[in-house]
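Colleague: Sharing a structure with you now.
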Amino acid sequence: MAALAARALCLADAGPSHGEVLQDIPRVSRHREEVQRGARFAFGENWRLLVDGIDDARIHAAEASLRAGLGVDSLMGKRFLDAGCGSGLFSLAARRLGAEVVSFDFDPASVSCARVLLERFRPGDGGWRIAEGSVLDEQFLATLGEFDVVYSWGVLHHTGAMWSAIDRVAVRVAPGGTFWIALYNDQGLPSRFWLAVKKTYNAVPAFLRPPIVWIAFARMWGPTLLRDVLRRQPMRSWREYGRTGRGMSPWRDVVDWVGGLPFEVASPEAVVCSVGDLGFDLLTLDTRGRGYGCNEFIFARRGEGVAGRGGVVGEPARRG
Ligand SMILES: C[S@@+](CC[C@H](N)C(=O)[O-])C[C@H]1O[C@@H](n2cnc3c(N)ncnc32)[C@H](O)[C@@H]1O
């Protein structure tokens, strides 16, 4: 892990209003067809199995992760876009921190999960809106307006067109706003190996998938769990996974890792250069090296902003 840069985060007061135009844009859903032919993992089905287990501890972990990344205690008065919201956990966390939140996902089941969280934890809350849409759909994105924070964690590498997705969603960041993305690291041969695993997982009949997950689980978690046993703290890392970090479930994350297709990877250098060319400065970078997680990048969009209107709101926590 390496922290390359840290600088004041500037967040804009408000982007153009999206008024009441935020609604599901009629479109032929490619999603089901892609899942049926094994080209796409059914992410939302996996999130469905997480949503029931989302409790205060997980929500607090998600909030802590946002607060640490953005270097703020509150998002009051800020607009937050959760692009590829998955379960909706981070939308909920941002809303609880005071942001006006817009969430969307390409997978209808993910959208349903976010709606379940809205109903369960924020019933009737007009400050959190949820839609079905794609980060590749410029027309849809244009209806959303601009945001002080655009958060797209672990999403853009699952679109099938990662670089276009980065370009398109970056445009939604208001001048001076924050762009937080997490992308799989390019590990060369191991990345190609995992791509083959993911293709296999999605191509085989459903009853053959659990053994693939168990083998991957043994590879991914075996050494850590063995170390816990040797330290006389069996399963400690497993138990702490949801309470620390991002508040996710370790088993759901294993399934997401094994199944997650489409799958693209990027080196940190390529991402920093490419997003820099779009008019962003890097604030923080966490790299995962040979691990399974994502590299995390937090950028600030250059431009007027924010310092004049809303002021600097925080200093992202240094990591690593
Ligand atoms: C690994 S999950 C991450 C979910 C969430 N951002 C999080 O941090 O937990 C990836 C999500 O990206 C969504 N996704 C994939 N392609 C997308 C696209 N073109 N537009 C929007 N969301 C997409 C998937 O449906 C899935 O819910």
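Colleague: Kindly evaluate Arg243 against the criterion of being of a type in the set (D, E, K, R) and touching a residue at least 40 places away in the same chain (Cβ under 8 Å).
Modeller: Judged against the criteria, Arg243 is a match.
Colleague: Right, Ala83: in contact with a Lys or Arg (Cβ under 9 Å, 6 or more places away or on another chain) and under 15 Å from Tyr151 (Cβ atoms) or not?
Modeller: yes
Colleague: Moving to a separate point now. (1) surrounded by 18 or more Cβ atoms within 10 Å (Cβ to Cβ); (2) in a loop (DSSP other than H, G, I, E, B): which one isn't true of Gly98, the others all being true?
Modeller: Tallying (1) surrounded by 18 or more Cβ atoms within 10 Å (Cβ to Cβ); (2) in a loop (DSSP other than H, G, I, E, B), Gly98 fails exactly one: (1).
Colleague: What residue, among those in region 43-71 that are farther than 20 Å from Asp256 by Cβ and among the charged types (D, E, K, R), is nearest to the ligand (Cβ to nearest atom)?
Modeller: Filtering region 43-71 for residues that are farther than 20 Å from Asp256 by Cβ and among the charged types (D, E, K, R), the one nearest to the ligand (Cβ to nearest atom) comes out as Glu63.
Colleague: State which residue is farthest from Val135 (Cα to Cα) when the search covers only region 168-192 and only residues that are under 16 Å from the mean Cα position of the chain (by Cα) and assigned to a helix (DSSP H, G or I).
Modeller: Filtering first and then ranking leaves Ala170.
Colleague: Also, quick follow-up: Looking at region 80-94 only, could you name the residues that are near the ligand (Cβ under 10 Å from one of its atoms), part of a helix (DSSP H, G or I) and among the hydrophobic types (A, V, I, L, M, F, W, C)?
Modeller: Result: Leu89, Phe90.
Colleague: Pairs, please: C-beta under 9 Å, at least 6 apart or cross-chain, first residue more than 28 Å from Thr159 (Cβ to Cβ) and among the polar types (S, T, N, Q) and in region 63-85, second in a strand (DSSP E or B) and more than 14 Å from the ligand (Cβ to nearest atom)?
Modeller: Every condition considered, the pairs that remain are Ser74/Val313.
Colleague: Working only within region 110-155, note down all residues that are closer than 18 Å to Arg30 by Cβ, more than 8 Å from the ligand (Cβ to nearest atom) and among the hydrophobic types (A, V, I, L, M, F, W, C).
Modeller: Selection gives Val111, Ala131, Phe140, Leu141.
Colleague: Take residues that are exposed (fewer than 14 other Cβ atoms within 10 Å of the Cβ) and in the same structural domain as Phe106 (by TED's automatic domain parsing) and tell me which of the helices (runs of 4 or more DSSP H) falling wholly in region 221-284 contain 2 or more.
Modeller: The helices (runs of 4 or more DSSP H) meeting that bar are 268-277.
Colleague: Being of a type in the set (Ser, Thr, Tyr) and either more than 16 Å from the ligand (Cβ to nearest atom) or within 16 Å of Gly86 (Cα to Cα) (or both) is the filter here; which residues of region 237-292 pass it?
Modeller: Ser237, Ser249, Ser267, Ser274, Thr284, Thr287
Colleague: Here is a further query. Restricting to region 95-107, name every residue that is within 15 Å of the ligand (Cβ to nearest atom), more than 18 Å from Arg58 (Cβ to Cβ) and touching a strand residue (DSSP E or B) at 6+ places or on another chain (Cβ under 6 Å).
Modeller: Those that are within 15 Å of the ligand (Cβ to nearest atom), more than 18 Å from Arg58 (Cβ to Cβ) and touching a strand residue (DSSP E or B) at 6+ places or on another chain (Cβ under 6 Å): Val102, Phe104.
Colleague: If you don't mind, another one. So which residues in region 126-149 are among the small types (Gly, Ala, Ser) and buried (at least 19 other Cβ atoms within 10 Å of the Cβ), if there are any at all?
Modeller: Gly133, Ser134, Gly145
The values are calculated or read from the model by the stated rules, or taken from the named source; none is laboratory data. Since the model is a prediction, treat every value here as computed from it, not as a measurement. Neighbour counts are summed over all protein chains in view; Cβ atoms, including those assigned to glycine, are modelled from backbone coordinates with ideal geometry.
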